[in-house]
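I have placed the structure first, in the form of structure tokens, so that the comments after it can refer back to it.
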Amino acid sequence: MTDSTMRAVGWAQSFPVSQGVRAGRHWARGHLASLEWAERSPDTVDSVLIAVSELITNAHRHARSDAQLVLTWDSTCLHVSVHDSSPQPPVPRDAGPGALGGRGMAIVDALADSWHHHPQRDGKTVTACFVPPGYEELPEDKELPGDEGLPGDKGLPGDKGAEGSPRTPDGGPGTPEGP
């Protein structure tokens, strides 16, 4: 199956604090390689991997919890979602030049096309959207690259379920669940 025949695809994995951030980056890189645009958009892939590192680091360091990472490609946007057990929203900080940390959400904000968070019963989920070159929103009468044969179903970035929750690959509202 190629990008031209799929409406959405996603992967989910839990990364315990003991596994570290490197395992999350490696796992994400392997799945990104299966997307048609990844080879011709290395800058987007690098941005996604940096965001994965920052979001998992935040879950481990600030929430002191495992990080459930979900990658979802909806034919327009790669949604990178990380769920942790803290109800506290992420707070971008103005880290001073000598600070060793405190730049994670500022980095995500600079690299992602958009990001948001939403509280959940058992913590929060932070989702960043990355739109590869050539997959930007098009007017209603235009088709997305790779969406030939799917008129009227544009898979808009930011298409969310109730209260901003990410959609599962089958279109229903979902929450990241680790295996």
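The values are calculated or read from the model by the stated rules, or taken from the named source; none is laboratory data. The structure displayed is predicted, hence computed values, not measured ones. Here the Cβ positions follow ideal geometry from the backbone for every residue, glycine too, while neighbour counts run over all protein chains shown. Keep in mind that these areas ignore ligands, DNA and RNA; they rest on the heavy atoms of the full protein, side chains included. Shrake-Rupley method; radii C 1.70, N 1.55, O 1.52, S 1.80 Å.
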Accessible area, probe 1.4 Å, largest first, for residues 93, 121 | 121, 93
For the peptides 14-20, 76-82, what is the packing order when you average, over each peptide's residues, the other Cβ atoms within 10 Å and list the highest mean first?
-> 76-82, 14-20
Ranked by accessible surface with a 1.4 Å probe, highest first, in what order do 34, 86 come?
-> 34, 86
Carbon-plus-sulfur fraction of the accessible area of region 1-111, 1.4 Å probe, in percent?
-> 52 percent
Per-selection metrics, region 1-90 (Cα): Rg and Dmax in Å | 13.4, 40
